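A.B. asks: Next up is a structure, given as structure tokens.
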Amino acid sequence: MSVYLYQDIQFKTRHSITTGVKEIGQRTKKKMTKDIQFQTQESLTKVRKIKTATEQRTKRTSAKVSRAVRMTLLLAYARTGSTLTGEILHLQPKNFYLFEPLHGLIKSLQNQTEVTFLNGSTRAISTVNEINVLISKTVYNWFTCNFEELDMASLTDFFLDVFTPEHETYFKCLGPRNKTRDISIETVQRCVGILQDRCLSMTSVTIKTIRTPMKSVEYLLQTIRHLKVIYLVRDPRGMFLSRARVGMLRWNELEEKSKMTCEQIDNDIEEFNKLYTKYPYRLKRLAYENLCRNPIFVVGKMYQFLRLPYMEIVKYQIRNITTGPILKCSFCTKRGDALGNAYKWKKDIKEDRLKVIDKYCSNVYQKLAYRYLSYQQLKKVKETWQAHVDLMQV
């Protein structure tokens, strides 16, 4: 092979390699450019989403901080007329109403000690004090629409949907909810804005609960300056008979339950009285029997205390749910003759059971203005609650 031919082959080979490398480089550069552009676009999209979510959270946070709404805590015990009283408060317009929002949390604490929150964190809860603190903060977060700080059991509990069809959109977003663990944190995070936006758009928030101890109330009064508390009570004799009628109490448990419950009520009364001396314009006690005796008048006083407009439509609805024949429905808000329902237990109570309740609850009767009567006297009187002048009373 001649030198010239060899050099020519070398030149062509180098030229081909160089050209190929250039072409590969150009293709690689184009691909890299496209990849970079795609990644940049993807990053920008993510940034926009994060920015939008942050702006929404900021708007909600600003709204939570700046808004001044009426807040009412209806604190009661099981079978004291709290469903009826809660529904009466629910009648006000533009009201974010929550029926037993602690039900899911308390139920989960009975089965496990670790609580999982919407933000992904977990916390071990074991002592009574830790439970009371958690209850206080949970109620606070419900009142302030601060749902990001709530636990998963609370946000997915079906009780939130009871008596509140306005929350249906949120529950439809969650999908099937047979068990709390079936609903992921991501799903709740996606849907919770529906509930939060509704909460923030209302002019009042009302919570009805039988699961909040009076010990937890002071924290709420200190941290929520617009909060007012209604402490609903009922004659313990009627309360226990009502619990037995709906299967919440077995008669062989009466001694244990009456002792435990009336000790709790006694402690709550003492705590309520202490709070009343500190916050006299923010707490009232309401006797269920007084509400049933004259619902239009008593609800008027209750609305006045809460500074709520007492409209004719509200009065009409109150008449509708508290008058007429007694209806056989243990958990309905409309049950007809309210006073007849309040004292139905007097016909049914047996003397031996009355003596057990009297043994542990007679001190509570006196403090709440209920008459301590013998079995024979009880059968003769129409009512056991005594009307009286009491600044703490609605």
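A.B. asks: Of all residues in segment 382-392 being surrounded by fewer than 17 Cβ atoms within 10 Å (Cβ to Cβ) and touching a residue at least 12 places away in the same chain (Cβ under 8 Å), which is farthest from Leu306 (Cα to Cα)?
C.D. replies: So the residue we want is Lys382.
A.B. asks: Within segment 142-160, which residues are buried (at least 18 other Cβ atoms within 10 Å of the Cβ) and either of a type outside the set (A, V, I, L, M, F, W, C) or within 19 Å of Asp197 (Cβ to Cβ) (or both)?
C.D. replies: Selection gives Trp142, Phe143, Thr144, Cys145, Phe147, Leu150, Asp151, Ser154, Leu155, Thr156, Asp157, Leu160.
A.B. asks: What helices (runs of 4 or more DSSP H), lying completely within segment 199-318, carry at least 1 residues that are in contact with a Phe, Trp or Tyr (Cβ under 6 Å, 6 or more places away or on another chain) and closer than 30 Å to Phe147 by Cα?
C.D. replies: 217-223, 254-278, 295-306
A.B. asks: Against the condition within 30 Å of Leu373 (Cα to Cα), over 19 Å from the mean Cα position of the chain (by Cα) and surrounded by fewer than 16 Cβ atoms within 10 Å (Cβ to Cβ), how does Asn273 come out, does it pass?
C.D. replies: Against the criterion (within 30 Å of Leu373 (Cα to Cα), over 19 Å from the mean Cα position of the chain (by Cα) and surrounded by fewer than 16 Cβ atoms within 10 Å (Cβ to Cβ)), Asn273 qualifies.
A.B. asks: For the subset of segment 107-133 comprising residues that are touching a Lys or Arg at 6+ places or on another chain (Cβ under 8 Å) and crowded, with 17+ Cβ neighbours inside 10 Å, which member is farthest from Asn146 (Cα to Cα)?
C.D. replies: Checked segment 107-133; the qualifying residue farthest from Asn146 (Cα to Cα) is Val115.
A.B. asks: A follow-up question, please. Do any residues in segment 240-267 that are exposed (fewer than 13 other Cβ atoms within 10 Å of the Cβ) have Cβ atoms under 8 Å from those of residues that are part of a helix (DSSP H, G or I) and hydroxyl-bearing (Ser, Thr, Tyr), where the two are at least six apart or on different chains, and which pairs are they?
C.D. replies: none
A.B. asks: Please tell me if Leu89 is in contact with a Leu (Cβ under 9 Å, 6 or more places away or on another chain) and farther than 30 Å from Thr322 by Cβ.
C.D. replies: No.
A.B. asks: Then there is this: Select the strands (runs of 3 or more DSSP E) contained entirely in segment 78-142, then report the ones holding at least 1 residues which are free of Cβ contacts under 8 Å to residues at least 24 places away in the same chain and farther than 28 Å from Tyr310 by Cβ.
C.D. replies: Correct list: 114-116, 122-124.
A.B. asks: I've got another one for you. Quick one: is Arg225 exposed (fewer than 15 other Cβ atoms within 10 Å of the Cβ), of a type in the set (Lys, Arg) and touching a residue at least 24 places away in the same chain (Cβ under 8 Å)?
C.D. replies: So Arg225 fails the test.
A.B. asks: Moving to a separate point now. Could you go through segment 175-191 and let me know if any residue there is surrounded by fewer than 18 Cβ atoms within 10 Å (Cβ to Cβ) and among the β-branched types (Val, Ile, Thr).
C.D. replies: Yes, that holds for at least one residue.
A.B. asks: Separate question: Across segment 360-383, what is the number of residues that are touching a helix residue (DSSP H, G or I) at 6+ places or on another chain (Cβ under 7 Å) and of a type in the set (S, T, N, Q)?
C.D. replies: 1
A.B. asks: Only one of Val217, Val192 is under 28 Å from Cys292 (Cβ atoms) and either modelled with pLDDT of 95 or more or among the charged types (D, E, K, R) (or both). Can you tell me which?
C.D. replies: Val217
A.B. asks: Here is a follow-up. Which residues, taken from segment 359-381, are more than 14 Å from Leu286 (Cβ to Cβ), surrounded by 13 or more Cβ atoms within 10 Å (Cβ to Cβ) and either among the hydrophobic types (A, V, I, L, M, F, W, C) or modelled with pLDDT under 95 (or both)?
C.D. replies: Of everything in segment 359-381, those that are more than 14 Å from Leu286 (Cβ to Cβ), surrounded by 13 or more Cβ atoms within 10 Å (Cβ to Cβ) and either among the hydrophobic types (A, V, I, L, M, F, W, C) or modelled with pLDDT under 95 (or both) turn out to be Cys361, Val364, Leu373, Leu378.
The values are calculated or read from the model by the stated rules, or taken from the named source; none is laboratory data. Note that the coordinates shown come from a computational prediction; the quantities given were computed from them, not determined experimentally. Because the Cβ atoms are built from the backbone with ideal geometry, glycine has one as well, and the counts that use them run over all protein chains shown.
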